[in-house]
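Beneath this line is the structure, given in structure tokens, with notes to follow.
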């Protein structure tokens, strides 16, 4: 039986995952396929998984990284601490276990900066967005004791900033700006998160978790002002390789 893997999300036209995994399967002569599964919601998703015996693993993307936890039978310790899942391993007995590989991908991206050498960043961070990807980012920042503030369109408590408040805080106090939202993702490539870009300078580092396009409008705004910028492509490959390790582990 051909093993089946795939990606669950609401809109997946931007995704490189199918190309990446199917190329891997072909080069390593693995009898498997990887497909994109666009879902308007998660209604009936557990039954669909359990009724597809060839399905061995799934990646999960926007906007389901927190909702998908409800269908799991168990979680890795890291997924519990983060509160978000982007990888599902489906055992032969139908048991669904959730993992988070985003944290690993972001960690490597974060600690390999301008010179490509491993270095723990200094300063504070602003995290744009509070969804599943943001939770993984904040988990990593906590691990490295990097202070941060999250920004949301709809703050749920006073520790979270709204976008209007970015006009009143001292942006130079935050040396790392991380976009975890889908704003600017293909096909809406001319969009960028609401941010006072004019207050950026060469001391700032901008990390956009988006990888399609490779240079987002968010990154372009940073480049204009001399900031160091990174996209999410390296993170994509790293978390994908980690997911594959999980799927193949005994």
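The values are calculated or read from the model by the stated rules, or taken from the named source; none is laboratory data. No experiment lies behind these values; they were computed from the predicted model shown. Because the Cβ atoms are built from the backbone with ideal geometry, glycine has one as well, and the counts that use them run over all protein chains shown.
The table for this structure:
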{"item": "When residues of the range 208-250 are limited to those that are within 20 Å of residue 17 (Cβ to Cβ) and in a strand (DSSP E or B), the one nearest to the chain's Cα centre (by Cα)", "result": "208"}
{"item": "Test: residue in the range 59-73 that is in a strand (DSSP E or B) and farther than 23 Å from residue 233 by Cβ", "result": "no"}
{"item": "Members of the range 229-250 that are more than 19 Å from residue 60 (Cα to Cα) and in contact with a helix residue (DSSP H, G or I) (Cβ under 8 Å, 6 or more places away or on another chain)", "result": "229, 230, 231"}
{"item": "Residue that is nearest to residue 69 (Cα to Cα) [pool: residues in the range 1-35 that are in contact (Cβ under 8 Å) with a residue 60 or more places away in the chain and buried (at least 17 other Cβ atoms within 10 Å of the Cβ)]", "result": "8"}
{"item": "Exclusive hit being touching a strand residue (DSSP E or B) at 6+ places or on another chain (Cβ under 9 Å) and closer than 18 Å to residue 229 by Cβ, set 177, 90", "result": "177"}
{"item": "Residues of the range 105-133 satisfying the condition of being under 10 Å from the mean Cα position of the chain (by Cα) and surrounded by fewer than 24 Cβ atoms within 10 Å (Cβ to Cβ)", "result": "131"}
{"item": "Index of the failed condition, residue 94 passing every other in (1) touching a helix residue (DSSP H, G or I) at 6+ places or on another chain (Cβ under 7 Å); (2) farther than 22 Å from residue 206 by Cβ; (3) at pLDDT 95 or above", "result": "(3)"}
{"item": "Close pairs from the range 36-48: first over 14 Å from residue 9 (Cα atoms), partner surrounded by 12 or more Cβ atoms within 10 Å (Cβ to Cβ), Cβ under 6 Å, at least 6 apart", "result": "46/71"}
{"item": "Residues satisfying the stated conditions in the range 108-132, i.e. at pLDDT below 95 and assigned to a loop (DSSP other than H, G, I, E, B)", "result": "113, 114, 115, 116, 117, 119, 120, 121, 122, 123"}
{"item": "Index of the failed condition, residue 73 passing every other in (1) modelled with pLDDT of 95 or more; (2) surrounded by fewer than 16 Cβ atoms within 10 Å (Cβ to Cβ); (3) within 26 Å of residue 206 (Cβ to Cβ)", "result": "(3)"}
